[in-house]
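The values are calculated or read from the model by the stated rules, or taken from the named source; none is laboratory data. What you see is a predicted model, and the numbers here were worked out from it, not measured in a lab. Cβ placement follows ideal geometry from the backbone for every residue including glycine, while neighbour counts extend to all protein chains displayed.
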Amino acid sequence: MKKELYRIRCKESGVTIAENVLLANHFLDQLIGLIGRKTLKRIQGLWLSPCNGIHTFGMRIPLDVIVLDDKGKILAVVKHLNPWRALMPTRGGCSVIELAAGNLSDKKISVGMTLQFEKM
């Protein structure tokens, strides 16, 4: 299975949200996700598609999380989701981006904005 990496930008502002975001679009990749990772660099992330909610059971690191619809529109933003928590499914959600906690603190993104994906 080939690993696909993406750069994610905000359509409205042009700000890069993250680079080196790995697409997890198979069951096993999504099941394992970031479990077991001790660190996650600011430029790294995981894009779960299809997906509309996540859990951090078994995780060691907190996450910043973005839920998107099928057109890349942001439906939810959760900053600093601690390990052993859950983000319940979001109505209309089609994919979720998991980033290192703190990644979104200086990015001016909000619900309603659109993200664009550029294959690396």
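Just a few scattered comments:
- Scanning the stretch 82-92 turns up at least one residue that is within 23 Å of Phe27 (Cα to Cα) and among the basic types (Lys, Arg).
- Any hit, the stretch 88-101, residues being under 15 Å from Ile8 (Cβ atoms), modelled with pLDDT under 95 and out of contact with any Cys (no Cβ under 8 Å at 6 or more places or on another chain): yes
- Tallying residues that are surrounded by 13 or more Cβ atoms within 10 Å (Cβ to Cβ) and on the phi < 0 side of the Ramachandran plot within the stretch 75-120 yields 29.
- Summed over the stretch 91-117, residues that are in a loop (DSSP other than H, G, I, E, B), within 14 Å of the chain's Cα centre (by Cα) and among the acidic types (Asp, Glu) total 0.
- The stretch 64-100, residues that are closer than 16 Å to Thr16 by Cα and of a type in the set (Gly, Ala, Ser): Gly72, Ala100
- Exactly one residue among Arg85, Arg42, Arg37, Arg9 is in contact with a Phe, Trp or Tyr (Cβ under 9 Å, 6 or more places away or on another chain), charged (D, E, K, R) and under 22 Å from Met120 (Cβ atoms), and that residue is Arg9.
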